[in-house]
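Below is one structure, written out as structure tokens; comments come after it.
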Amino acid sequence: MAQSSFDVVSEIDAQEVRNALDQARREITTRFDFKNTGTEILHPDDATIDIHANSEGRVQAAVDVVKDKMVRRNVSLKALKEGKIEPGAGSTYKTKITLVQGIDEDKARALNKFIKTLPVRVQSQVQGDQLRVTGKSRDDLQVVIKALKDEDFGIPLQFTNYR
């Protein structure tokens, strides 16, 4: 019988992130509690979001707005790694949110180890920033997918190339 397989990946939809940030910016420009606070949400590259405001409280409130919009756009909060709120230039405060994509070596090892504990006959191997799981039985692969969904590895997981 032929081998079946699927890939475990950790990706975020860049378009949904942009949409969520646009919505957050719109909300901040219309909300009364953000008037004259100089609150900005910047997205300088695909991996970071910068938030600036005139107080720590406004920065935190802006972060909460961003998180709310991400959830509504189905972007997992596990993909957001929040930095500390720090004093910025002048009398401003800033924070950086890093967008986490891909499965790093440590997480891949943890996933591999977890899959080996399951009562199914499958192999898993790391391929760059993703994991390929192969097995003879599609039922075994379904068991692995369900187990990975039920476990929390601290990153969003998707399952692709199921064959």
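None of the figures in this text is laboratory data; all of them are computed from the coordinates on show. In this text the structure is predicted, and so the values were computed from the model without any measurement. So basically every Cβ, Gly included, is an ideal-geometry build from the backbone, and we count neighbours across all protein chains shown.
Determine, for each peptide in 152-160, 130-138, the mean count of other beta carbons within 10 angstrom over its residues, then list the peptides with the highest first.
Going by the mean number of other Cβ atoms within 10 Å, highest first, we get 130-138, 152-160.
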Contact order normalised by residue count of region 1-136, Cα under 8 Å, 6+ apart, percent: 31
Protection-proxy order for peptides 47-55, 111-119, each taking the mean of Cβ atoms within 10 Å per residue, highest first: 47-55, 111-119
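Using the Cα centre of region 5-163 as the reference point, and only Cβ charges (+1 on K/R, -1 on D/E), how large is the resulting charge dipole? Debye, rounded to the nearest 20.
400
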Dividing the alpha-carbon Rg of region 85-156 by 2.2 N^0.38 Å yields what? 1.62
Among the lysines, which have Cα under 23 Å from the Cα of residue 78 when same-chain residues fewer than 8 positions away are ignored? 67, 69, 94, 96, 107, 113, 146, 149
Calculate how steeply helix 138-150 sits against the longest principal axis of the alpha-carbon atoms of the chain, using the helix alpha-carbon long axis, and give the answer as 0 to 90 degrees to the nearest 10. 30
The ratio Rg/Rh over the Cα atoms of the chain, Rh being the Kirkwood inverse mean 1/r radius, stands at 1.12
For the modelled label position 7 Å from the Cα of residue 50 along Cα-to-Cβ, which residues of region 74-96 have backbone nitrogen atoms closer than 12 Å? 88-89, 94-96
Say R0 is 35 Å: what FRET efficiency, to the nearest 0.05, do residue 31 and residue 89 get from their beta-carbon distance? 0.90
Angle between the Cα long axis of helix 56-72 and the longest principal axis of the chain, 0 to 90 degrees, nearest 10? 40
